[in-house]
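The values are calculated or read from the model by the stated rules, or taken from the named source; none is laboratory data. What you see is a predicted model; the values in this text were computed from it and never measured. FYI the Cβ positions are ideal-geometry reconstructions off the backbone, even for glycines, and counts take in every protein chain you see.
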Amino acid sequence: MLTASLFAGVLSAQTPEALPLYPEGATESNGLSPEKVVETPQSLAGGVEADYFIFPADPKTATGQAVVICPGGGYAAVAYAHEGIQVAQWFNGQGVTALVLRYRMPNGHDQIPLKDAQTALQLMRRNAQEWHVDPNQVGIMGFSAGGHLAATASTHFTDMTDRPDFSILLYPVITFDTTFTHMGTRNNLIGQKDDESLVEYYSNEKQVTDQTPRAFIALSDDDPGVSPENSIQYYSALKRHNIPAELHIYPSGGHGWGWRDSFKYHDELLRSLSRWLTEIRK
C-alpha cells in the first residue's frame, strides 16, 4: 500500500500539466471563491475554473478511441486520482486517448458542469489528429456524480460535436427522484428547492432517446450511497430504446472504488471493459 506522500510522488511523476479548459477564462461564474479551493494529490474541492489532463495514446498502439473522464465527488469535489489519472493511464495501455476533466463545481449553477463536459468533448474532436483520435470514437466516462455528468452529456447533447459516441458509467447517480437519488449530489447541482422542471431535466433515465449512445455500466449491489436502482433505471431506459448496453452488478464493493485494486472485482472489471472497448470498435 502506498503512503499518501509516495502516492503523490507516483502521480506527479506520471501526470502531465493541468491545462485550462477555457484559456481566456469561463464566461460564467459559479459564485465560489478561488481562495477556498482545496487541492490535494487525490482531489480538488470547490473548483472555480475548469482544467484537464490529457493523455494521448501512443501513435504506435492508438486504436482511435478516446474518452473524457469525469471523476466523482458529489458535485462538491473531483476525485481526480483514483477516478481520473489512474484510469487515464490504464486507457493509454489499451491504446485509448484519455482526458481527465476537472470540471467546475456547480454551487447551484446547474448548467456549468454540463457545459464543461460538452466543451471537453468538442476539444477532443478538435484535436483529434494531434491526439491520435477518430472523431467518431469519442466517449465519456463518469464515476458517481461524475457518472451523472456523463449520463447528462449523453442525454442532453446539442449536436454531433458534443455528443458522446459511447458512455462508461461506474456507480453513477442517474435519477433526481428523491426515492433513489443521492441528495448531496442533487442539492449541489440544482439547489435544495424542489424545482420539478430541473428534477425532470436531470433525471437522466427520463431523457434517454433513440440517439442516446451505448453504455457500459458497473456498480456494486451493496452500494450504501447511490442506490443500484439508478443504474438499473438507466439500463432499462436504454433497452426501451433498443440501445446496446452492458450492465455489471458486482456482489460487493460499496461505493467509490474507482480504479483501486483493493476492489475485489477490479481485474474482472478491467477485463470486461477492455473486451467491450474492442467490441464496439468493430
Practice prompt. Could you look through segment 251-280, keep only residues that are of a type in the set (Gly, Ala, Ser) and either loosely packed, with under 11 Cβ neighbours inside 10 Å or under 18 Å from Glu83 (Cα atoms) (or both), and pick out the one that is farthest from the chain's Cα centre (by Cα)?
Written response: Ser262
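Do we find a residue being over 20 Å from Gly258 (Cβ atoms) and touching a strand residue (DSSP E or B) at 6+ places or on another chain (Cβ under 8 Å) anywhere in segment 29-46? Working first, answer last.
First, pick out the residues of segment 29-46 that are over 20 Å from Gly258 (Cβ atoms): 29-37, 46.
Now narrow it down to the ones that are touching a strand residue (DSSP E or B) at 6+ places or on another chain (Cβ under 8 Å): 37, 46.
Taking every residue of segment 29-46 in turn, at least one turns out to be over 20 Å from Gly258 (Cβ atoms) and touching a strand residue (DSSP E or B) at 6+ places or on another chain (Cβ under 8 Å).
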Worksheet item: Before we move on, is Leu123 assigned to a helix (DSSP H, G or I), modelled with pLDDT of 95 or more, surrounded by fewer than 24 Cβ atoms within 10 Å (Cβ to Cβ) and in contact with a strand residue (DSSP E or B) (Cβ under 8 Å, 6 or more places away or on another chain)?
Response: yes
Item to complete: State whether the residues of segment 57-71 include one that is crowded, with 17+ Cβ neighbours inside 10 Å, touching a residue at least 60 places away in the same chain (Cβ under 8 Å), in contact with a Ser or Thr (Cβ under 8 Å, 6 or more places away or on another chain) and not in a loop (DSSP other than H, G, I, E, B).
Response: yes
Fill in: Unique match (being over 22 Å from Leu270 (Cα atoms), modelled with pLDDT of 95 or more and of a type in the set (A, V, I, L, M)) among Val226, Val208
Val208
Worksheet entry | Condition met for Trp90 (in a loop (DSSP other than H, G, I, E, B) and either out of contact with any Pro (no Cβ under 9 Å at 6 or more places or on another chain) or not β-branched (Val, Ile, Thr) (or both)) | no
Item to complete: May I ask you to verify whether His255 is closer than 17 Å to Thr175 by Cα, of a type outside the set (Ser, Thr, Tyr) and modelled with pLDDT of 95 or more?
Response: yes
